[in-house]
1. Can you pull the semi-axes for region 26-117, root of five times each eigenvalue of the Cα gyration tensor, sorted largest first, whole Å?
2. Starting from the Cα-Cα distance between SER203 and VAL507, subtract it from 0.36 nm times their residue separation and give me the gain in nm to one decimal.
3. Describe numerically, in nm with one decimal, the distance between label points set 7 Å from Cα along Cα→Cβ at ALA81 and at SER261.
4. Multiply the residue gap between ALA467 and ASP183 by 0.36 nm, knock off their C-alpha separation, and tell me the result in nm, one decimal place.
5. Among 26-39, 70-83, how do they line up by average Cβ neighbours within 10 Å per residue, starting with the highest?
6. Quick one: check the C-alpha center-to-center distance for region 39-54 versus region 184-226, whole angstrom.
7. For region 461-537, would you read off the P(r) tail past 20 Å as a percentage of all alpha carbon pairs?
8. Using each residue's phi in region 272-283, evaluate 6.51 cos²θ - 1.76 cosθ + 1.60 at θ = phi - 60° and report the 3J(HN,Hα) Karplus result to the nearest Hz, with x for Gly and Pro.
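No lab work stands behind these numbers, since they all come straight from the coordinates. Values in this document were obtained by computation on a predicted structure and should not be read as measured data. Cβ placement follows ideal geometry from the backbone for every residue including glycine, while neighbour counts extend to all protein chains displayed.
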Amino acid sequence: MRAVKRLVAAVSGLMLLAVPFAFADALSVSIQSLSPLGAIPVGTTVSFTITPTGFSPSLYILSDPFGTSTASNSNISGNGAFSWTPVQSDIGTHPLIVTASDNVGNAASTTVSIVVAPPPSLVIQSLSPGPTVMIGAKLSFTATVSRLTNPSFSLHDAFGGTSGSSILNTNIDASGNFSWTPDVTQQGEHVLTVYATDSVGRSVSASQTVRVGAEPSLTIQLLAPAGNITPGQTVTFRAGAQGYWPTTFSIGDAFTGTASSITNNNINASGLFSWTPLAGDFGTHVLRIIGTVGAWGQSASTTQTIVVLGPGGVVPPPIVPASTSATSASSTSVASSTSGTASSTASSALMDQLAKLQAQIAGLSTSANSTPSSGYVFSGNLRQGQTGDVVLQLQTVLATQGFLAATPNGHFGPATTAAVKKFQAAHGLSPVGTVGPATRAALNALASSSSGTANVSEGAATTAGDAYVFKNFIGLRDSGTDVLELQKRLATLGFFSGSATGYFGTVTETAVKKFQTAKGINAAGYVGPATRAALNQ
């Protein structure tokens with residue numbers, strides 16, 4: 001009987017000891033309501049709730065072995081709600097360890113794995129025919145999206161044309177295939193942005209700059225009076241833009257005197273120039289007019305020379321070119337003196353100063369420390385937004401090779417980027433638009449073998465010796481001097497048998513195609529940079 005009592009007591013004791021141990025084993029935490037499921041793109045907020053079992057925790061601790069994790073205890077609220085928005089440095093797998101404890105020492109932990117993926121991306125691919133498309137030709141590309149589910153596409157075109165952009169959302173289909181054929185109202189620069197958005201609100205965008213028609217240019221129009229002027233006499237002209245719509249104009253003056261009274265206030269936002277010279281403005285003024293499109297930088301420029309006569313109609317000494325091989329950068333020059341001759345007392349020092357000023361306007365330098373464009377060695381990388389002499393030298397080489405139609409101005413803008421891409425494509429390089437080691441090597445090879453090349457001004461064709469130099473785009477239905485000289489050149493080379501009329505019709509187009517085929521150029525039927533370069537050889 002005593003043995004039975006002792007057995008009952010022992011069992012009762014064991015049962016009492018087993019109760020707290022069973023309670024301790026029941027303590028746990030779990031992750032509930034994890035959202036979203038799967039990989040989390042950068043910038044997407046992930047959340048979950050920490051649910052305890054068997055105790056009421058008052059403290060939550062988060063541990064993340066991921067080296068550059070931005071997740072911390074601050075992402076957990078006092079009631080166990082977790083919320084975190086990963087950034088770029090969080091890309092990877094995060095094995096989060098969550099520990100909950102109460103104020104009497106009870107604790108439990110659990111682990112949840114969160115994968116942070118790169119953000120969505122959109123890339124514009126297969127751009128055809130390229131960043132420049134002629135009026136009436138189809139432009140197409142594909143917008144390729146990563147890490148968005150069933151995205152929808154929309155478009156925006158930052159186009160400054162007076163008629164607005166003809167690009168609509170219907171120009172891009174559900175697969176991201178874009179197609180558009182511009183008409184004559186769309187000539188100019190289009191900054192096209194493609195947006196992709198999915199059903200949960202994630203979005204991404206990419207932009208592509210496209211030029212419709214020829215490169216932008218400025219010309220001097222309606223110059224009045226056309227000859228020399230005197231102090232107190234107002235001179236006016238209009239800077240006419242072709243191929244783009246500048247929003248602002250600026251003007252500089254390389255003046256042979258002490259100080260010019262010309263400022264940016266003398267030209268308005270429409271390109272209208274008006275100036276009444278003062279007595280101290282006697283001399284030669286070589287104006288540089290720049291038309292700018294918003295935040296996109298200098299788009300085109302031209303020059304204009306104005307001669308202000310001195311007392312009694314005295315004509316200032318002419319500016320003497322620094323080199324007879326350099327072509328003047330002025331697109332329109334005021335006529336030389338109509339009365340009188342240069343003062344015989346002009347000093348040789350003044351003549352030297354005038355020569356240096358003219359050399360600067362022509363984009364050259366007479367400094368002993370400068371290197372001629374024909375022998376310039378490129379040693380550093382170049383990209384859009386840079387300015388300086390090295391950019392000026394790059395533009396000079398590109399212009400003389402027929403890839404840049406704008407006047408070299410020392411500013412690496414969109415026109416220079418497009419010219420670099422054309423140069424790279426022509427030399428079997430990847431057309432990225434920036435100058436790296438491979439492009440530098442190709443440029444240096446050209447520069448070392450192109451001494452004596454003329455620097456031709458924006459928007460103007462000129463003569464080098466007895467040969468007409470083509471500078472502008474020439475295409476179907478164009479007319480004028482460029483077309484007349486083109487027909488003469490093609491006739492001399494045996495490709496054109498009709499009469500030189502100055503009108504670009506189908507006969508001229510056929511002749512251009514024959515010339516292009518003979519020179520190994522794409523037979524497009526219009527005169528672009530490569531064809532100009534071949535004609536100017």
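1. Working: eigenvalues 118, 30, 23 Å².
Equivalent ellipsoid semi-axes, largest first: 24, 12, 11 Å.
2. Length difference between fully extended and current span is 104.4 nm.
3. In this crude spin-label approximation the distance works out to 7.3 nm.
4. Details: separation 284, 0.36 × 284 = 102.24 nm, distance 3.44 nm.
Full extension of this stretch gives 98.8 nm more.
5. On the way: 26-39: 12.7, 70-83: 14.3.
Put in order of decreasing packing, that is 70-83, 26-39.
6. 44 Å
7. Details: 507 of 2926 pairs.
When all Cα pairs of region 461-537 are counted, 17 percent exceed 20 Å.
8. 8, 10, 8, 8, 10, x, 9, 4, x, 8, 4, x
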